[in-house]
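J.: Dropping the structure in here first, questions after.
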């Protein structure tokens, strides 16, 4: 956790590399909690979806889903470390289910009023987007100030993710670490409720 407090995060070169290194990028990805962008089609999909949401019900399954790709930085040691953090209440997952099948999710680490997003995955259309929308709603309700996404992919940019300078990120991190937030306190909301709250906020 000391690494996160210093603004760095761990990665491995690939799945089979036993080494872990720490990253402190010059340009940092963040998701402004008041700037999440849900397109008209995503809002419609959330209103009509049969997918269900849970929190901390299958943390290991979400990590494994995120690692289940040809190119991944999640090696065995990183998997073990995050599961240990989850058991300590310092890492959390949000899952998307199609019946009994885990089809999407996102996981990350909490410290103060900061949420450090690690990875997400999707096995159904819009599953990762719905996961992020529900996560942002949860972070807002829990009192979080910073949602760190590490980098900004095209996918995250389409949802409102932005890049900030290292200096700006560290200022925001310092402020968030001095705050207090609660990941498990807010009520769990279905995607239909989340999109309704988005409409009320906009």
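Any read-out appearing in this document is the output of simple, stated calculations on the displayed coordinates, not a laboratory observation. Bear in mind that the values here come from a model prediction, so they are computed numbers and not experimental data. Backbone-built Cβ (ideal geometry, glycine too); neighbour counts: all protein chains shown.
J.: Could you line up 51, 146 from fewest to most neighbouring Cβ atoms inside 10 Å?
T.: Details: 51 21, 146 24.
The fewest-first ordering by Cβ neighbours comes to 51, 146.
J.: Provide the FRET efficiency to the nearest 0.05 for the residue 6-residue 87 pair, computing r from the beta carbons and using R0 = 25 Å.
T.: Values: r = 23 Å, r/R0 = 0.92.
The pair residue 6/residue 87 has a calculated efficiency of 0.60.
J.: What is the extension gain from residue 23 to residue 185, computed as 0.36 nm multiplied by their sequence separation minus the C-alpha to C-alpha distance, in nm to one decimal? Intermediate values should be presented prior to the final figure.
T.: Values: separation 162, 0.36 × 162 = 58.32 nm, distance 3.07 nm.
Stretched out fully, the residue 23 to residue 185 stretch lengthens by 55.3 nm.
J.: Let a ≥ b ≥ c be the square roots of the eigenvalues of the Cα gyration tensor of the range 37-125; is it rounded (a/c under 1.5), or, if not, prolate (a/b larger than b/c) or oblate? Walk me through the numbers before you get to the answer.
T.: Numbers: a/c = 1.86, a/b = 1.55, b/c = 1.20.
In terms of gyration-tensor shape, prolate.
J.: Fully extended, how many nm does the chain gain between residue 170 and residue 40 (0.36 nm per residue separation, minus their Cα-Cα distance)? Each step should come with its number before you reach the end.
T.: Details: separation 130, 0.36 × 130 = 46.80 nm, distance 3.36 nm.
Extra length available between residue 170 and residue 40 comes to 43.4 nm.
J.: Just report the Cα centroid separation between the range 86-157 and the range 4-30, whole Å.
T.: Using only Cα atoms to place each centre, the spacing works out to 18 Å.
J.: Computed over the Cα atoms of the chain, what is the convex hull's projected area averaged over all directions, in nm²?
T.: On the way: hull surface 42.2 nm².
Its Cα hull, projected and averaged over all orientations, spans 10.6 nm².
J.: Quickly estimate the mean residue ellipticity at 222 nm for the chain, helices only: each DSSP H run with n ≥ 4 gives -39500 (n - 2.57), and the total goes over all residues, rounded to 500. Mind dumping the intermediate values first?
T.: Details: 8 runs with 78 residues, N = 202.
When only DSSP H runs of four or more count, the value is -11000 deg cm²/dmol.
J.: Normalised radius of gyration for the range 1-70, please: alpha carbon Rg relative to 2.2 N^0.38 Å, two decimal places. Walk me through the numbers before you get to the answer.
T.: Working: Rg = 17.0 Å, N = 70, 2.2 N^0.38 = 11.1 Å.
Here the answer is 1.54, to two decimals.
J.: Another question, if that's okay. Sorted by packing (mean other beta-carbon atoms within 10 Å per residue), highest first, where do 115-124, 9-18 land? Please list the in-between numbers first.
T.: Working: 115-124: 21.2, 9-18: 14.5.
Final packing ranking: 115-124, 9-18.
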